[in-house]
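In what follows, a single structure is set out as structure tokens and then discussed.
The values are calculated or read from the model by the stated rules, or taken from the named source; none is laboratory data. This is a predicted model, so every value here is computed, not measured. Neighbour counts are summed over all protein chains in view; Cβ atoms, including those assigned to glycine, are modelled from backbone coordinates with ideal geometry. Accessible surface areas use protein heavy atoms only, side chains included; no ligands, DNA or RNA. Shrake-Rupley method; radii C 1.70, N 1.55, O 1.52, S 1.80 Å.
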Amino acid sequence: MAKQDIASVLAFEKKLVPSDGYLSGMTWQDEDSLQALALQEKSLRGTISNRLKPAVKNDPAKLNQEVEKPNLQTVDACALKPEHDTLKLQFTLKILGGIENPSACNNNLFQKSYRQAVFDYKAEFAFHALAQRYALNIANARFLWRNRIGAEQIEVKVKALNKGAEQEWQFNSADYDLRDFDNSDDKVLSLATRIASALNSESDFLMLAIDCYAQVGKSQEVYPSEELVFDKGNDKFKKSKILYQVDNQAAMHSQKIGNALRTIDTWYPEHDDPENGIGPIAIEPYGTVTTLSKAFRAPKHDFYTFFDKWARGDTSLSVNEKHYVMAVLVRGGVFGQSK
């Protein structure tokens, strides 16, 4: 097949669609004690702790003058009540099929070659490899993020809500390593089969309700998503940390949950480097990890390099490169090539 130009207008809708996550408090043994968690506002007088210029740092008088300045802060916080020891995070996840159809494409010849590449992938792999990794990230409760650290017990309950195809799973998250995608069991494989079936379909979907319970300790602080505020104005008494809430209930951004679910990329070049040591990263076109200010998929290993070959009929990609390309398409995005 002659190679076709990449479409200048090319977009894909995401196929893993999580809702926002809602945070509640309860006791581990008594779910009837469940109460929605609200944010609390705190006003603090902190100390100056940032790096200072050498002229100030090396002059005791100037240093004392600087650190005596009050560092006034108003912040949001969220914590369990004294009688509660367990955080509950609940959200829904919709898995969609139809990945062979871009949501926008202005090049019919390219669309034909792309669709054939997808059909070949479905025939060979049927999304089982990706679905197993998504299922493990549900079972291991990666979506708890910071709330996962120091939890005595973590339990995840999953329900398939599709009418006539209801099904339930329950996982002890301690049984599943965050770095090991080969550690599966029958429950994970059962959930993965349902996820793969939806992704592999042309128009079907799977709706999951996910409830996660983390025993973090009585009165302990918990961590909703933090809002990114672009303009706080000149008022120094405005909040320096604003947490996310929906209808006065502490919550986690759907984007943050989605990032955790797609943290399955162990195929990037540095993953096997013992000095790297960060484990799986989220599926991104350039392997970007913003907390490290690093792109782990340098040129020749990025999504566009592989996609441009694969979508135009090149069969030279390795198995792992094909999985990575399909995982980015499941993530969704705008991938057109400008003229």
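Packing-wise, with mean Cβ within 10 Å as the measure, how do 291-298, 65-72 rank, highest first?
Most protected by this proxy first, the peptides run 291-298, 65-72.
Cβ under 14 Å from MET26's Cβ, MET26 left aside: what net charge do those residues give with Lys, Arg +1 and Asp, Glu -1? Display every interim value, and only then the final one.
Numbers: positive: LYS81, LYS88, LYS157, LYS218; negative: ASP30, GLU31, ASP32, GLU83, ASP85, GLU155, ASP211.
Neighbour charge sum, excluding MET26 itself: -3.
Just from its helices, what would the mean residue ellipticity at 222 nm be for the chain, if runs of 4 or more DSSP H residues each count -39500 (n - 2.57) and the sum is divided by every residue, rounded to the nearest 500 deg cm²/dmol?
-7500 deg cm²/dmol
Taking 7 Å along the Cα-to-C-beta vector as the label spot, tell me the ASN172-GLN73 distance in nanometres, rounded to one decimal.
3.8
For LYS53, go through the lysines and keep the ones whose alpha-carbon is under 18 Å away, minus same-chain ones fewer than eight residues off.
Here the lysines satisfying the reach criterion relative to LYS53 are LYS62, LYS69.
So what is the relative contact order of the chain, in percent, for Cα pairs below 8 Å that sit 6 or more residues apart?
Relative contact order for the chain comes out at 27 percent.
If I take R0 = 41 Å and measure r between the Cβ atoms of ALA55 and ARG146 in this structure, what FRET efficiency does the formula 1/(1 + (r/R0)^6) give, to the nearest 0.05?
Once rounded, the FRET efficiency stands at 0.65.
Specify the residue with the greatest mean-square fluctuation among ASP247, ASP204, ASP76, computed from a Gaussian network of the chain linking alpha-carbon atoms under 10 Å apart.
ASP247
Work through the residues other than GLU166 whose Cβ is under 14 Å from its Cβ and net out their charges, Lys, Arg +1 and Asp, Glu -1.
Working: positive: LYS157, LYS159, LYS163, ARG194; negative: GLU168.
Counting the neighbours of GLU166, the net charge comes to +3.
Taking square-rooted eigenvalues a ≥ b ≥ c of the alpha carbon gyration tensor, is region 90-209 rounded, prolate or oblate, where a/c under 1.5 means rounded and, failing that, a/b exceeding b/c means prolate?
prolate
Just order 86-93, 304-311 by mean Cβ neighbour count inside 10 Å, highest at the front, would you?
Averaged packing, sorted descending, gives the order 86-93, 304-311.
Roll a 1.4 Å probe over the protein chains and send me the accessible area per residue for region 1-150 in Å².
52
So how much accessible area does PHE125 have, in Å² to the nearest 10, using a 1.4 Å probe?
For PHE125, the solvent-accessible surface is approximately 40 Å².
If one computes the Cα centroid of region 75-121 and of region 46-70, what distance in Å separates the two points?
Answer, in whole Å: 48.
How much net charge surrounds ASP185 when only the other residues with a Cβ under 14 Å from the Cβ of ASP185 are counted, with Lys and Arg +1 and Asp and Glu -1?
-4
If you roll a 1.4 angstrom probe over the protein chains with everything in place, what fraction of the accessible area of region 57-141 belongs to carbon and sulfur, to the nearest %?
For region 57-141, the apolar C and S fraction of the accessible surface comes to 48 percent.
May I ask you to give the percent of accessible area on region 190-263 that is carbon plus sulfur, with a probe radius of 1.4 Å?
That share works out to 44 percent.
Rounded, prolate or oblate: which one fits region 87-156, using the alpha carbon gyration tensor with axes a ≥ b ≥ c (rounded when a/c is under 1.5, else prolate when a/b beats b/c, else oblate)?
Here region 87-156 falls in the prolate category.
Kindly report the accessible area of region 204-339 per residue (heavy atoms of protein chains, probe 1.4 Å, no ligands, DNA or RNA), in Å².
52
Going by a ≥ b ≥ c, the root eigenvalues of the Cα gyration tensor, does region 1-53 fall in the rounded group (a/c under 1.5), the prolate group (a/b larger than b/c) or the oblate group?
Note, shape of region 1-53 comes out oblate.
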